[in-house]
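Report on one structure; see the data block that follows.
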Amino acid sequence: MHDKGNGSAGEIAVDVAIIGAGPAGLTAGYLLTKAGKSVAIIEKDATYVGGISRTVEHSGYRFDIGGHRFFSKSQQVVDLWDEILPDDFIQRPRMSRIYYEGKFYSYPLRAFEALGNLGLWRSTMCMLSYAKAKAFPNRDIRSFEDWTTNQFGKKLYSIFFKTYTEKVWGMPCDEMSADWAAQRIKGLSLWSAVIDGLKRSLGLNKLNDGSGKQAKTLLETFRYPRLGPGMMWEAARDKIVATGKGQVIMGHELKQLAADGENGWRMTAAGPDGDVVVRADHAISSAPMRQLGARLYPLPETTLEASNLKYRDFLTVALMIKSEDLFPDNWIYIHDEKVQVGRVQNFRSWSPEMVPDEDVACVGLEYFCFEGDGLWSMDDDALVELAKKEMNILGLVSPDKVIGGAVVRQEKAYPVYDEDYAANVEAMRAELEAKHPSLHLVGRNGMHRYNNQDHAMMTAMLTVENIIAGTRVYDTWCVNEDAEYHEAGDEGADKALPAREVTADQAAALNSVRDVPRRVEDDQKAA
């Protein structure tokens, strides 16, 4: 154990060092300080906490980076949100649509609406394609294309999934792991879309889907902080600091995380005024696995596997438009090859307080890219002009209505699910769990899993349970393995976290590794 009161000059000694002040890192910090543990959190951003869940402000306008519905089937997550931000939630209608060939389609798809918009001939081809997929399914599912074609048929896949997915990931759908589809659109099928359409049309809350189970209701409203998701994480930061047990060190990036030989850690973070060193018994990392693998000391044997993990970046171009709101949706998916934009948010539909002028609409065009490519490297003025041009091409707004713009870049927004990602993640995970039981991976990038905000929080909540217990009681990797669509079901329906206990064999192996320094010390004393 490190002496919390005797850190050398320029060093901080705490119970737990945390890398990243996103939802996972701040959830861990909040719960640990609440339990009496001391923490130090480093955050690369000099201004904002919340990671991709931050809210960026520009001239009074607030931008949600990626869009964050505060909905969770976990009652413990809901309770934690209420505890951190008790008085600032508003209830908002949920609406997302797909824009395709000048028409709007509900998302998730409503079968009758979709087939009606497509017309008789194309609808017939879609149904025949769906029937063929069901009669002769692909038994060798390897890619996103394989999985989605099996669920919806080749024709609907090509219309409603292929173009948008390839925009998001910058790679062909047949090179993407099927895990992406299985995680993000699991539980949905054309048949479930028919059932949901009937249920909504008839005003029924429950309708059997033919499988013997009740069809889950898709959420129609969700809660949202009135000033955006960053409001939640700013409150969490303030509560951590207010305990006197926690520090949040902004503008500092991980330089090295070194094992100290006593199952503890020496974390070095680089900032504008030099390095900060944090000594701790435990380390929690929400940093991208690729970055962590390169900055651990000693270097893991699986550093090469970690270096092969890929990430997709994106940027938001916000346009202020002299107009009433252009559409009621929270966001619209753009399935159109004529433009590069992938999704358009309407910030007032998230919260009216995010747009200060009632006569101005504010939308955010999301462009998916790789850090350093043509889109990422364009200057802000050029990106604003591109956004204006593409909104005009889509027929959503005339360029002369635009009165202002701003650009927000987000690196490593999405961990890429290519064909090798799972093996690379598992290799590094296995090594780190065996060699470093006091190092804990959490969150979307920390675990290289496309987790929602609440799932990222769950990984942190289970990690805190393990730290307080002094051993890995729970397997944090069981989070987000449920077999249904993320926005189906009732808020707070799950009363307990999806905690899978570590097996006796796993615990014995971890304890064996943990006891190595003590056994060496005992042997030295005996000699």
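Note on ASP275 and LEU120: their simple-model spin labels are 7.5 nm apart, each label 7 Å out from Cα toward Cβ.
Sorting 275-282, 244-251, 21-28, 52-59 by their mean Cβ neighbour count within 10 Å, with the most densely packed peptide first, gives 21-28, 275-282, 52-59, 244-251.
The distance between label points at ASP260 and VAL473 comes to 2.5 nm (points 7 Å beyond Cα on the Cα→Cβ vector). Packing, as the average of other Cβ atoms within 10 Å across residues, places the peptides 305-312, 423-430 in the order 305-312, 423-430, highest first. Note that region 104-115 has calculated 3J(HN,Hα) couplings of 10, 10, 4, 10, x, 4, 9, 4, 5, 4, 4, 5 Hz, one per residue in order, obtained from phi through the Karplus relation 6.51 cos²θ - 1.76 cosθ + 1.60 (θ = phi - 60°); glycine and proline are x. For LYS103, the aspartates and glutamates whose Cα comes closer than 15 Å to its Cα, not counting residues fewer than 8 places off in the same chain, are GLU113, ASP329, ASP336, GLU337.
Residues whose amide H falls under 5 Å from that of ARG343, counting only those 5 or more places apart or on a different chain, are ILE334, GLU366, with hydrogens built in the peptide plane. Under 12 Å of direct C-alpha separation, and excluding same-chain neighbours fewer than eight residues apart, LYS154 reaches these aspartates and glutamates: GLU145, ASP146. The alpha-carbon of LYS245 sits under 14 angstrom from the alpha-carbons of these aspartates and glutamates, leaving out residues fewer than 8 places away in its chain: ASP15. The packing ranking of peptides 145-152, 118-125, highest mean first, is 145-152, 118-125, where packing means the average number of other beta carbon atoms within 10 angstrom of each residue. Using the Karplus relation 6.51 cos²θ - 1.76 cosθ + 1.60 with θ = phi - 60°, the per-residue 3J(HN,Hα) values for region 333-342 come to 7, 9, 9, 9, 6, 6, 10, 8, 4, x Hz, with x marking Gly and Pro.
Residue by residue, region 468-473 carries 3J(HN,Hα) couplings of 5, 6, x, 7, 7, 6 Hz when phi is fed to the Karplus relation 6.51 cos²θ - 1.76 cosθ + 1.60 (θ = phi - 60°); x denotes Gly or Pro. Under 5 Å between amide hydrogens, built in the peptide plane, is the criterion, and for ASP260 it picks out TRP265, ARG266 among residues at least 5 positions away or on other chains. Exposure proxy ranking for PHE327, PHE160, based on other Cβ atoms within 10 angstrom of each Cβ and starting from the fewest, stands as PHE327, PHE160. Size descriptors for region 311-415: radius of gyration and Dmax over Cα atoms are 13.2, 38 Å. With 0.36 nm allotted per residue and the present C-alpha distance subtracted, the ALA434-GLU371 stretch has 19.4 nm of extension available. For ASP418, the residues whose modelled amide H falls within less than 5 Å of its own, excluding neighbours fewer than 5 places apart on the same chain, are SER177.
Every read-out reported here was derived from the displayed coordinates using simple, explicitly stated rules and does not represent laboratory data. Computed from a prediction, not measured in an experiment: that's the story for all the values here. In this analysis, Cβ positions are derived from the backbone assuming ideal geometry, glycine residues included, and neighbour counts consider all displayed protein chains.
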